[in-house]
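Below is one structure; the comments refer to it alone.
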Amino acid sequence: MPWEETYQARRERLLRQMDGNPRVAYMLQHGPVPHWVKVARKQREQNAREAAAARRKPNTELPRGRHRAPRSWWGWPATAMGASLLYGLHVLDTVGPALAHNIGILT
């Protein structure tokens, strides 16, 4: 049967090997650091490296915008108003004479 070491014994052996390491001393004093702290540190370092690289690299490219102007939206409202006016003119043309005759305005 192979030699089996308990978790506590292995931990104590490894801590003795890492004596003098500031991270180990901090962990022993404050407890283990959560995973999100390590991830956040890596992201900050990556952002700092990218920002430094962007500052070193001259910006020779022109900014790229849209390849065409935005579409104008006046077409649909103009068509709707024109159709409404044409419909109103048609209604006035058919109903208007009968209405005026019944009222007696233009007789």
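The values are calculated or read from the model by the stated rules, or taken from the named source; none is laboratory data. What you see is a predicted model, and the numbers here were worked out from it, not measured in a lab. For the accessible areas, the whole protein counts, side chains as well, though only heavy atoms, and no ligand, DNA or RNA atoms are used. Shrake-Rupley method; radii C 1.70, N 1.55, O 1.52, S 1.80 Å.
Using 0.36 nm per residue and subtracting the Cα-Cα separation, the extra length available between residue 81 and residue 56 on full extension is 3.3 nm.
Mind ranking 12, 5 by accessible surface for me, highest first, 1.4 Å probe? Kindly include the intermediate steps, with their values, before the conclusion.
On the way: 12 90, 5 60 Å².
Solvent-accessible surface, decreasing: 12, 5.
The slack between residue 33 and residue 7, meaning 0.36 nm per residue of separation minus the straight C-alpha distance, is 7.5 nm.
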